[in-house]
Amino acid sequence: MGMDSGLMGDHGPPDPSAVARPDERDVEAVRARAYREAASAKRRVYAISHDGRRYMVKQSAPGRTLPRALGGAFLVRILAGHWPRLAPLRLGEAEQLHYEASRLRGLADDGQQVPRVVLVSDDHLVMEDVGPPLTQVMRSLTPAGQADLIFRVAADLADFHRRGHWHGGAQLRNHTRLHDRLYRIDFEEPLDQTLTLGSRQAMDLMLLVHSVTAVKAFVGRHRHALCCELIDQYLANSPPAGSLEVLRQSQRIKRRLKKSLGWARRWTGKDLERIWLTTEAVEAVMPRLAADRHDSAF
Ligand SMILES: Nc1ncnc2c1ncn2[C@@H]1O[C@H](COP(=O)(O)OP(=O)(O)O)[C@@H](O)[C@H]1O
Ligand SMILES: [Mg+2]
C-alpha cells in the first residue's frame, strides 16, 4: 500500500473539502457567490467580493443578431479595410465565454496585463477586478491629464502589437487602471477567425481613435489634434510592419468610400460622423506613415 495508509488509519477518511487546495475552495466559494448574486445583478457584468477580494462576473449573452452583425461587418470594412465573415461576429453564449477565457489565459501566460481568470462555466466567466475603466478614470482628470493617459494607451498598444498580440476591442472603455498600471479587458471578439493579424492590429488602433472621438473635453480642432497625436504616439513606439501596411491599404479604401459617400456626410448620424473623424486623423498622419515605409518589411 502507499505511504498514506498509515495516516489514513490515524485520521479516518479524508475530508473532501480538506483535499482541495485552499484556492480551489476559494474558487468554489466564488462560484457559489456568483450564482447567488446573478439574480439581483442589474447588468451583464457585475462585481462580487469574497475574502476581501473583488471579482467581476461576466454572464453569457446571445451573440449579435444578423442586422447587428452586418453593422459590425461594415465598421470592420471601413476601419480595417476588409469584409469579415459574419459567423465570428455572431458568436455568443457559452462559446463566447470560453473563447474570452482562453484569450485571457493565453495573454496572462505571456505576461500581459489582463485580469486573471478565476473560473469559467457555460453561464459565466469570473475574473479578477482590475480597476475602473479609463472612461471613468478620466472623469477626475484635467483635459491635459486625459490626453496624457490616452497617449500612454496608444504607446502601450504599439508595444502589445509588437509582441504579436491584438485586442479586438481596444476602445478606451476596454482598458482599466489599477495601481497606476494599465490593463486590457473584453476579449470576446473572435476576429482571429476572419482577419489577418495585421488587420486585427490596425482595427485595434482605429477602434481606439474612434473611442477617443467621443471624449467630451475635446471638440473641433482640439479633438482632431488629439486623435492625430494618439496615432503619432502609436507610430513612434515601433508597431509591427503588418499593422502599418493594413493602415495604409485601408486608408486608400476609406478615401474612395469618403468620395462616394461624402455628399451624405451631413445627413448621416453621429456614428458615421465619428468614423469620418477617425479617418481624417489617419489621413492627416499619412505622410508620417509613408515616411516610415522604408522601415517596413513590405
Ligand atoms: N476584469 C474586470 N475588472 C474591472 N472591470 C471590469 C472587468 N471586466 C469587466 N469590467 C467592467 O464591466 C464593463 C463591461 O465588461 P466588458 O468585458 O467590457 O463587456 P462588454 O462586452 O459588455 O463591453 C467594462 O467596461 C468594465 O467597466
Ligand atoms: Mg467592453
Hey, what angle do you get for helix 220-236 against the long axis of the chain, alpha-carbon based, 0 to 90 degrees rounded to 10?
-> 60 degrees
If one takes the longest principal axis of the Cα atoms in the chain, at what angle in degrees, from 0 to 90 and to the nearest 10, does the Cα axis of helix 241-261 lie?
-> 50 degrees
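Counting Lys and Arg as +1 and Asp and Glu as -1, each charge on the Cβ, what is the dipole of the chain about the Cα centre in debye, to the nearest 20? Walk me through the intermediate numbers first.
Values: 44 positive and 36 negative charges, 419 e Å.
In debye, rounded to 20, the chain gives about 2020.
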Quote the FRET efficiency, to the nearest 0.05, computed for residue 33 versus residue 259 with a Förster distance R0 of 51 Å and r equal to the Cβ-Cβ distance.
-> 0.35
Within straight cross-link reach of residue 58, meaning Cα distance under 24 Å, which lysines are found once same-chain residues fewer than 8 apart are removed?
-> 42
Of the residues 239, 224, 195, the Cα lying farthest along the dipole of the stretch 134-295 towards its positive end, which is defined by charges on the beta carbon of Lys, Arg, Asp and Glu, belongs to 224
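I'd like the Kirkwood hydrodynamic radius of the stretch 134-295, using the inverse of the mean 1/r over distinct C-alpha pairs, in Å. Mind showing how you got there, number by number?
Details: mean 1/r = 0.0620 Å⁻¹.
One over the average 1/r among Cα pairs gives 16.1 Å for the stretch 134-295.
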Positive-pole candidate from 207, 155, 34, dipole of the chain, charges at beta carbon = 207
Would you kindly derive the ³J(HN,Hα) couplings of the stretch 36-43 from the backbone phi angles with the Karplus curve 6.51 cos²θ - 1.76 cosθ + 1.60 (θ = phi - 60°), listing them in order in whole Hz, with x for Gly and Pro?
-> 4, 8, 4, 4, 9, 5, 8, 10
Have a look at 178, 166, 144 and report the one farthest towards the positive end of the charge dipole of the stretch 134-295, computed about the Cα centre with Cβ charges (Lys/Arg +1, Asp/Glu -1).
-> 144
Subtracting the Cα-Cα distance of residue 45 and residue 236 from 0.36 nm times their residue separation yields 65.2 nm
Taking the simple approach of a point 7 Å from Cα along Cα-to-Cβ for both residue 108 and residue 64, what is their distance in nm?
-> 2.8 nm
Mean separation of Cα contacts under 8 Å (6+ apart) over length of the chain, as relative contact order % = 17 percent
Tell me, what is the percent relative contact order of the stretch 134-295, built from C-alpha pairs under 8 Å that lie six or more residues apart?
-> 27 percent
Please report, in debye to the nearest 20, how large the charge dipole of the stretch 134-295 is about its Cα centre when each Lys and Arg carries +1 at its beta carbon and each Asp and Glu carries -1 there.
-> 660 debye
Based on alpha-carbon positions alone, could you give the equivalent ellipsoid semi-axes of the chain from the gyration tensor, as √(5λ), descending, whole Å?
-> 42, 20, 20
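Residue 87 to residue 219: FRET efficiency via 1/(1 + (r/R0)^6), r the Cβ-Cβ distance, R0 45 Å, to the nearest 0.05?
Taking R0 as 45 Å, the efficiency between residue 87 and residue 219 is 0.70.
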Structure-based [θ]222 nm, the chain - -39500 (n - 2.57) summed over DSSP H runs of at least 4, per residue, nearest 500 | -18000 deg cm²/dmol
Straight-distance crosslink candidates among lysines, where the alpha carbon sits under 17 Å from residue 258 and sequence neighbours closer than 8 are dropped = 270
Amide H to amide H under 5 Å from residue 119: which residues, 5+ apart in sequence or cross-chain, H placed 1.01 Å off N in plane?
-> 126
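Any read-out appearing in this document is the output of simple, stated calculations on the displayed coordinates, not a laboratory observation. These figures come from a predicted structure and were not determined experimentally. Here Cβ is always computed from backbone atoms with ideal geometry, including for glycine, and neighbour counts include all displayed protein chains.
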